[in-house]
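Down below is the structure, laid out as structure tokens.
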Amino acid sequence: MKTRAVRMYGADDLRLEEFDLPAIKEDEILVKVMSDSICMSTYKLVKQGKKHKRAPQNMDTNPIIVGHEFAGVIVEVGAKWQDQFKPGQKFALQPALNYQGKLDSPGYSYEFFGGDCTYCVIPHEVMELGCLLNYDGEAFFEASLGEPMSCIIGGYHANYHTNKINYNHAMGTKKDGNIAILGGCGPMGLGAVSYALCMENKPKRVVVTDISEERITRANEVISVEKAKEAGVELIYANTGKVEDPVKYLMDLTDGHGYDDVYVYIPNKAVAELGDKIMAFDGCMNFFAGPTDNQFSASINLYNAHYTSAHILGTTGGNTDDLIEAIDLAGKGLIEPAVMVTHVGGLDSVAETTRNLPNIPGGKKLAYTQIYMPMTAIEDFAKLGEKDPFYAKLDEICKAHKGLWSLEAEKFLFEHFGVEA
């Protein structure tokens with residue numbers, strides 16, 4: 001089986017190549033990849049090369065396929081798994097394997113298993129761990145975004161609260177509490193807002209900060225204050241770059257109570273320290289943003305840790321249950337992963353997009369791996385559509401969906417390029 005894939009040979013060395021996949025073994029599965037959303041974690045891998053903890057040391061001779069937020073269709077099933085999986089079945093995938101204590105993951109560690117390709121081979125450990133999931137939804141991009149949404153959901157489940165009666169930890173965010181999502185108008189922050197409006201222990205208030213009025217405006221367009229109110233949550237977008245004293249400003253929004261749960265969504269020292277200062281009694285701060293600097297640090301108030309039960313943790317990734325919850329909620333329309341997507345492209349755009357990811361404004365960059373198409377901002381469809389009817393139609397579809405990517409847009413894309421699932 002021939003495949004085309006973006007392969008990594010070392011730091012900043014990504015190549016789009018065609019090569020032969022080996023025939024699958026009886027405990028493996030061959031899949032056709034339809035979509036992959038590009039993660040900042042892949043950018044970090046590309047910058048670090050062999051220094052990355054998940055990267056194999058022989059990637060210069062045995063390159064790995066990058067990409068781990070992918071979805072597609074099963075093509076061929078090895079004998080061991082034929083009672084569980086069938087050709088034609090759609091799948092989503094949990095890439096955080098942790099198999100036998102190893103750090104190996106798709107998109108980081110495998111020569112024939114990753115998301116930025118047309119076809120790949122899923123090894124036995126994925127199925128043994130229950131990380132290959134049946135996907136009943138229609139839109140492949142929502143299954144791809146199930147992985148980053150599972151990270152968000154995992155962050156919500158990992159927060160905890162204590163009491164003065166015993167040493168039990170109440171897991172999850174505080175019901176009817178105040179949540180702060182700092183640096184939250186990017187793709188992951190908006191995913192966190194979307195989940196906060198539908199989760200079981202719903203907060204009474206969510207405050208989302210940013211220092212870009214443009215990002216705040218877009219955030220309110222895709223998840224409006226009015227929509228949140230309908231869900232029973234007070235949603236406030238706050239530009240902390242425009243206030244003299246951000247701590248006082250944010251505390252005043254809670255009438256001095258503070259925030260029961262704080263999420264730091266950008267790896268910024270000042271933002272982390274702001275989060276530490278606005279926690280309520282028994283507040284929990286989750287440092288969600290992964291820094292590239294392994295010496296990254298910030299000052300925290302240990303007086304509050306001692307006397308007011310303030311606590312800090314960090315989460316990375318989600319587990320399989322989180323992914324199942326993510327794709328279930330998306331399938332039911334209770335969360336809207338499309339709020340994360342601002343750019344769409346094809347397999348040929350992946351290498352350049354990944355190498356320059358921090359310099360490309362907007363949110364998630366979504367790649368459809370069966371097509372060739374420049375990575376294009378959704379907001380640019382209208383201008384491009386003045387000369388190209390393809391982009392004109394995409395613009396029309398997206399505008400009919402609040403300016404967001406959608407199942408209708410995905411279907412049109414496949415139809416235009418003659419792609420069959």
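The values are calculated or read from the model by the stated rules, or taken from the named source; none is laboratory data. Bear in mind that the values here come from a model prediction, so they are computed numbers and not experimental data. Virtual Cβ from ideal backbone geometry, glycine too; neighbours counted across all protein chains shown. Ligands, DNA and RNA are stripped out before the accessible areas are found, and what is left, the full protein with its side chains, is counted by its heavy atoms. Shrake-Rupley method; radii C 1.70, N 1.55, O 1.52, S 1.80 Å.
Across region 151-219, the mean sequence separation of Cα contacts (distance under 8 Å, 6 or more residues apart), normalised by length, yields a relative contact order of 31 percent. Label sites at Glu76 and Asp27, each approximated as a point 7 angstrom past Cα along Cα to Cβ, lie 1.9 nm apart. Of the two radii for region 119-258, the radius of gyration is 1.05 times the Kirkwood radius, both from the alpha carbons; that is the Rg over Rh value. Here each label is just a point 7 Å from Cα along the line to Cβ, and for Glu273 and Asp60 those points are 4.2 nm apart.
Comparing Leu407, Asn62, Met375 along the charge dipole axis of the chain, the residue lying farthest to the positive side is Asn62, per the Cβ-charge model.
Principal axis extents of the Cα atoms in the chain, from largest to smallest and rounded to whole angstrom, are 62, 54, 39. Summing Cβ point charges (Lys, Arg +1; Asp, Glu -1) relative to the Cα centre of region 156-247 gives a dipole of roughly 400 debye. Expressed as a whole percent, the accessible area of the chain that falls on carbon and sulfur atoms is 49 (1.4 Å probe).
If I build a Gaussian network model for the chain, linking alpha-carbon pairs within less than 10 angstrom, which residue out of Phe85, Phe390, Phe287 has the largest mean-square fluctuation? Among Phe85, Phe390, Phe287, the largest mean-square fluctuation in the Gaussian network model of the chain belongs to Phe390. Taking each DSSP H run with n ≥ 4 as -39500 (n - 2.57) and averaging over every residue of the chain yields -8000 deg cm²/dmol at 222 nm. Considering only Trp81, Val222, Val419, the residue lying farthest towards the positive end of the dipole of the chain is Val222, judged by Cα position with unit charges set on Cβ. Of the complete DSSP H runs in the chain, none spans 20 angstrom or more by Cα along the long axis with a mean Kyte-Doolittle score not below -0.5. Each label was represented as a point 7 Å from its Cα along the Cα-to-Cβ direction; for Lys387 and Val419 these points are 2.4 nm apart. Just report the Cα centroid separation between region 168-236 and region 363-407, whole Å. So the two Cα centres are separated by 27 Å.
This model, with +1 at the C-beta of Lys and Arg and -1 at the C-beta of Asp and Glu, gives the chain a dipole about its Cα centre of some 680 debye. The Rg/Rh ratio for region 252-356, using Cα coordinates for both the radius of gyration and the Kirkwood hydrodynamic radius, is 1.07. Protection proxy ranking, highest mean first, for peptides 221-227, 382-388: 221-227, 382-388, where packing is the per-residue count of other beta-carbon atoms within 10 Å, averaged.
In the full protein context, the chain carries 44 Å² of accessible surface per residue, based on a 1.4 Å probe and ignoring ligands, DNA and RNA. Over region 1-142, the pair-distance histogram of Cα-Cα distances with 5 Å bins from zero comes to 2, 11, 21, 24, 21, 14, 6, 2, 0 percent, rounded to whole numbers. Peptide packing: for 165-172, 29-36, 262-269, the average count of neighbouring Cβ atoms within 10 Å per residue gives the ranking 29-36, 262-269, 165-172, highest mean first.
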